[in-house]
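Presented below is the structure to which this report refers.
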Protein chains: 2
Amino acid sequence: MIDIAIIGAGPAGLSAAINGVIRNKKVKVFGNPPSTSYIYKAERVDNYIGMLGINGKDMMSEFVNHAKEMNVEIQTGKVIEVFPMGEYYMLNVANEFIEAKTVIFANGFSKGTVLEGENEFLGKGVSYCATCDGPLYRNRQVAVIGDSQYAEEDTNYLAEVCEKVYYIPLYKEIADLSAAIEVVQGKPKRILGEQLVRRLELDTRELEVSGVFIIKENIPTTKLLKGLELENKAIKVNRFMETNMKGIYAAGDCTGRPYQVGKAIGEGNVAALQAVSYLHKLK
Amino acid sequence: MIDIAIIGAGPAGLSAAINGVIRNKKVKVFGNPPSTSYIYKAERVDNYIGMLGINGKDMMSEFVNHAKEMNVEIQTGKVIEVFPMGEYYMLNVANEFIEAKTVIFANGFSKGTVLEGENEFLGKGVSYCATCDGPLYRNRQVAVIGDSQYAEEDTNYLAEVCEKVYYIPLYKEIADLSAAIEVVQGKPKRILGEQLVRRLELDTRELEVSGVFIIKENIPTTKLLKGLELENKAIKVNRFMETNMKGIYAAGDCTGRPYQVGKAIGEGNVAALQAVSYLHKLK
């Protein structure tokens, strides 16, 4: 069992990780590749003290190197859901199930809006995880809404099992999509059906599908862990980065403004030490 | 008039300073030399991400260089008191009076205990500032309680104006003290007098003095600004590093545990941006 599972491999998550490791805890980070962090695209960062004039890419690579030097385990993979199990939590990481005593949310700023029908049909045709739910749609028609090139791999996998896959990219340049997939331009409007999903409505056309996969870099926090309290769309925390749920902490952009590297580093630092203190009380 | 006056030139203060400057505010930092920061003595710091394995001295010098490269003005000097003036604040920096629209407290962890009689006789024989109050004790006897070698310069100055100076060092090695000064070993117990100070009682002996100078690296926060709310001996702040007084922010060790560089950097970052947002509303 992991002591501290960290969701997100950006500045907050990595800062939390090194602080957990330095306190001899078993730590594991689950996240998207560093290039998906907002800071990665920054041309120049001057206000993280000690790294004057660095660009976001180099900054992220220094952070990742620091973490790796300290033997932080970073697993590339998306956390789909976190389940409370009493004294610990269970994470579904792309259908691999991982137990952790504490969890630090460092999953960044969630820009996603929720589609009409998305909540209603979640688990009834709407899915966030191709690997998890793809087999349920064998020989059926599905639509995939992807917000970055990282969604294409999942879509290609679905094309292997499903009868027909429509792909709705929410970005410009498609990188590597199987020929069998039909790319549909348009803005998703709503998901329709009765007990189960029947159609996806776009502003351009309507698709007859029995599954809608929404493959975004960030799963909305409310979907990740039921019962986690938000405030102004951010995870509500106190000064010790504690959330309303025991053993659950949050750090970085997911806790709200300002969206800054320094803040993220500091919050990761505090969240990890608070988790360590909670772990000591568990014993 | 300064936009943001920062009390303390450690990690929190310098992080706040670069964030104020980057937002085009007129910023000035008042503090002790970098070597007085707790972190300066650290042999090795591994948990400030991006600076693996650095020692405290090098870390502080990187922080100071970063701030100087960004034209942050750092004035070595002790802030004695902060006075609310309505829409702005007045700082007494060793008897130089400085106006600022906002103030960020980054004055570190105050380890000082208050002597019996210290509060009672403050301004009636008890002083925290040799430069300010020395002339009042011309041709009289005074005692100086110093908690570091930095107090010696003040004591030497007092020896020039006073009839007799007793020096009670709260540390081991005296560096450079005038021959005229009488060093007294002992632990200060209480300050006695009637309307004015008459005696300083130590566990070893008693001194007949009309002034007691307490020259510590940190002046207790409660003395610095009357009305500032504390919680567990730390400055009480919310998640935006706002205190109970408008235009007053705090960051770093002075806001309480954990005493960590990462936390200090993050809080300095947030405090400065919140001050900037307040300054924009002032206009």
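The values are calculated or read from the model by the stated rules, or taken from the named source; none is laboratory data. Since we're looking at a predicted model, the values are computed, not measured. Every residue, glycine among them, receives a Cβ derived from its backbone with ideal geometry; neighbour counts consider all protein chains shown.
Structure summary
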read-out	value
Condition check for A:K68: basic (K, R) and more than 14 Å from chain B (Cβ to nearest Cβ)	no
Sole residue being modelled with pLDDT of 95 or more, among the hydrophobic types (A, V, I, L, M, F, W, C) and assigned by TED's automatic domain parsing to the domain that holds B:G31, chosen from B:V82, B:V93	B:V82
Options A:G86, A:G146, A:G77; residue that is among the small types (G, A, S), in contact (Cβ under 8 Å) with a residue 40 or more places away in the chain and surrounded by fewer than 19 Cβ atoms within 10 Å (Cβ to Cβ)	A:G77
Members of segment B:178-189 that are of a type outside the set (D, E) and either assigned to a strand (DSSP E or B) or within 12 Å of B:I168 (Cα to Cα) (or both)	B:I181, B:V183, B:V184, B:Q185, B:G186, B:K187, B:P188, B:K189
Filtered residues of segment B:33-61 (kept if small (G, A, S) and more than 9 Å from chain A (Cβ to nearest Cβ))	B:S35, B:S37, B:A42, B:G56, B:S61
Count of segment A:1-18 residues which are buried (at least 24 other Cβ atoms within 10 Å of the Cβ) and closer than 18 Å to A:E87 by Cα	3
Test result for A:N218, at pLDDT 95 or above, assigned to a loop (DSSP other than H, G, I, E, B) and surrounded by fewer than 24 Cβ atoms within 10 Å (Cβ to Cβ)	no
Hey, A:A130 within 26 Å of A:Y38 (Cβ to Cβ) and crowded, with 21+ Cβ neighbours inside 10 Å or not	yes
Within segment A:194-207, tally of residues that are more than 21 Å from A:L170 (Cβ to Cβ) and in contact with a Lys or Arg (Cβ under 7 Å, 6 or more places away or on another chain)	2
Identity of the residue in segment A:227-265, of a type in the set (A, V, I, L, M, F, W, C), part of a loop (DSSP other than H, G, I, E, B) and within 12 Å of chain B (Cβ to nearest Cβ), that ends up surrounded by the most Cβ atoms within 10 Å (Cβ to Cβ)	A:A251
Selection status of A:V21, crowded, with 20+ Cβ neighbours inside 10 Å, touching a strand residue (DSSP E or B) at 6+ places or on another chain (Cβ under 8 Å), within 10 Å of chain B (Cβ to nearest Cβ) and touching a residue at least 24 places away in the same chain (Cβ under 8 Å)	yes
In segment B:190-209, the residues that are assigned to a loop (DSSP other than H, G, I, E, B) and crowded, with 19+ Cβ neighbours inside 10 Å	B:V209
Odd one out for B:F30, checked against (1) more than 30 Å from A:G20 (Cβ to Cβ); (2) within 12 Å of another protein chain (Cβ to nearest Cβ); (3) not basic (K, R); (4) not in a helix (DSSP H, G or I)	(2)
